[in-house]
1. Look through B:Glu116, B:Glu82, B:Glu99 and report the one residue that is at pLDDT 85 or above and out of contact with any strand residue (DSSP E or B) (no Cβ under 8 Å at 6 or more places or on another chain).
2. Select from region B:101-120 the residues that are among the polar types (S, T, N, Q) and either in the same structural domain as B:Ala52 (by TED's automatic domain parsing) or in a loop (DSSP other than H, G, I, E, B) (or both) and list them in ascending order.
3. So for region B:49-62 (the condition being surrounded by fewer than 23 Cβ atoms within 10 Å (Cβ to Cβ) and either more than 14 Å from chain A (Cβ to nearest Cβ) or among the acidic types (Asp, Glu) (or both)), does at least one residue qualify?
4. Has region B:252-260 got at least one residue that is open to solvent by 90 Å² or more (accessible area, probe 1.4 Å), among the basic types (Lys, Arg) and at pLDDT 80 or above?
5. Which residues, counting only those in region B:261-298, are loosely packed, with under 11 Cβ neighbours inside 10 Å and not in a loop (DSSP other than H, G, I, E, B)?
6. Can you report the number of residues in region B:105-122 which are open to solvent by 60 Å² or more (accessible area, probe 1.4 Å) and more than 9 Å from chain A (Cβ to nearest Cβ)?
7. Specify which of the listed residues (B:Glu43, B:Glu66) is assigned to a loop (DSSP other than H, G, I, E, B) and among the acidic types (Asp, Glu).
8. Need a quick list: helices (runs of 4 or more DSSP H) entirely within region A:201-309 having at least 1 residues that are farther than 30 Å from A:Ala37 by Cβ.
Amino acid sequence: MSEAVVRSNAVEVKPPTKKPASPWRLALREMRKNKLAMAGFVVLILMFLFCFVGPLLSPYSINDAMNVRNGNKPPSAQHWLGTDKVGRDVLLRVMLAGRTSLLVGIVAMMVSVAIGSTLGAIAGYYRGWVDTIIMRLADIIMSIPSLPILIILGAALSELKMDPANRIYLVMFIIGFLSWPGLARLVRGQILMLREQEFMQAAEVLGLRDRRKIFRHLLPNTVPIIIVVATLSVANGILTESVLSFLGLGVVPPTPSWGNMISAANSMIEFQKRPWLWIPPGVCIFITVVAINVMGDGLRDALDPKSKR
Amino acid sequence: MANNLIEFRNLRTNFYTSSGVVKAVNDVSFSIREGETLCVVGESGCGKSVTAMSLMRLVSPPGKTEGGQILYKGQDLLTLKERDMRHIRGNEIAMIFQEPMTSLNPVLTIGDQITEPLLIHKGMTRKDAKKRAIELIELVGIPRAAKIFDSYPHELSGGMRQRIMIAIALSCDPKLLIADEPTTALDVTIQAQILDLMRNIKSEFNTAIMMITHDLGVVAEMADHVVVMYAGKVIEEAPVHELFANPKHPYTQGLMRAKPIINQRQDRLYTIPGQVPNPVELGNNCYFNERCEHCMSLCVEKPPILTTYENKHKAACWLYEKGGEVS
């Protein structure tokens, strides 16, 4: 008992000296206090495990021969989520579809973060005509309604008879390319403010190059914003991909994606009689997007010093 | 004494504002010798900081350095290529600022920030730079240097951050250290420590210091030579003892009288009447004429010229041109 008291005292005194409290570590600590955000984070990890590890545990494989006689079976002990009309296991397909959808979301996010933060930082740092050009470009992209553009692009791609396997990558880049302006604006605003700070004057008198000033001194200060926007844009990417695939313009079968699986609900008979075909991918999209958004909000609260209560 | 390290010749820096042209630095000439501490004194807005920023060539629009020369080791900094200028900043001429709390980048560790100039200007390896950085942290009087190396700015106090700023400034053994009100934001005890530190550095490395301040106490303690500025012009320049013993310009005399004296009861300190003239509407006269007790008709007609008198004492005032003395 007394030993336990002593130990807990020791622990109370020690922690701050363990490692230097970097801003990131402080934010992480803040994040841990937010139960909802942590729940979102855990759900997201489970979803990743489900999609990337799950298929390895399944008795079925994507290479299994189609068997129409075994098609359209409702959930059973062999097929937990039933089978589709050519007899493929729906559970396996949901998991594989998740790989595609998550990958599209993440790669689209990376493309948009890379373009958005770089251009935003350059615009904010140089101002003047560089800023005007970049921001007007952003305005143009933002003012194009994205759905029509995506539909037109999708139709054009279908015309070009592109290999479905490569088509995913194109979808990723297009989604990423259309979503950078929002981030670029936020980063630019931050950089405009940061470049007037005294520490930037101090960096200037050290004789640093512009590149170093922008990418080493300014951008790291905007990372909180970038992280939050990036997280939320993963959810956005997944949704956009689903919409496109649902419309038959994004990822096309046989590659499964949550979006093109839901398109099963297109036909009346499957919508009414075979809900196991479209409910599972729908639920997956819903859970993933909600989890990411909840986590993104938590991250924003943890990283923004002004929102601390 | 030693040679001139920096020589300002008729420097002019103007700011183009919507209400007119502000001559922030108006025909300023003075020089800093090797290993000397030169203090630039004057009230807010008189052009002290702009002079320093002109030297660094970091006056940002709407400001523009439009005339004169700044000679460093015989070459004119104002005509240097940007790339060569970058090599001088931080390497040969370093600068520290008034606000230690905001002068360090909050997301980089102290170590990152001290090693940066070493990696860039001296081309050191990361390992050597780290060793040197830890030496520097010890040099500026911070214990546990190895731990501070990995800390972030928010973990340090204001005095420690100013020491770190000095360490960064010293990292490349600069010939000149510009200190723009380095102690204004610190409390008095820390102020004394920082001034001590700077004095030690000066004697140890023979670094010239250009110290910008409005605190005559700091001037008395640190300076070898003093330049007094008013409304963008140098109005008086003298070795420190000469200036304190025998201030010539009525403005400098006013400043000296406005200083509290320890162990002497005073109900109210002296104040110089009037206000600093609006920098946009300066006429062709002595800018101090409206506030001056000794204003003569000549003072309103044309500006006085900085003239050298005995004991290396320079002043710009008509009172002395006629051989008259202030009573």
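The values are calculated or read from the model by the stated rules, or taken from the named source; none is laboratory data. Here the structure is a predicted model, which means the values were calculated and not measured. Cβ sites come from the backbone with ideal geometry, for glycine too, and all protein chains shown count toward neighbours. Accessible surface areas use protein heavy atoms only, side chains included; no ligands, DNA or RNA. Shrake-Rupley method; radii C 1.70, N 1.55, O 1.52, S 1.80 Å.
1. On the way: B:Glu82 fails: at pLDDT 85 or above; B:Glu99 fails: at pLDDT 85 or above.
The match here is B:Glu116.
2. So in region B:101-120, the residues among the polar types (S, T, N, Q) come out as B:102-103, B:105, B:109, B:113, B:115.
The answer is B:Thr102, B:Ser103, B:Asn105, B:Thr109.
3. No, that holds for no residue.
4. yes
5. Matches in region B:261-298: B:Glu281, B:Ser297.
6. Matching residues across region B:105-122 total 1.
7. Working: B:Glu66 fails: assigned to a loop (DSSP other than H, G, I, E, B).
Result of the check over B:Glu43, B:Glu66: B:Glu43.
8. Where helices (runs of 4 or more DSSP H) fall fully within region A:201-309 and carry at least 1 residues being farther than 30 Å from A:Ala37 by Cβ, they are A:258-262, A:268-273.
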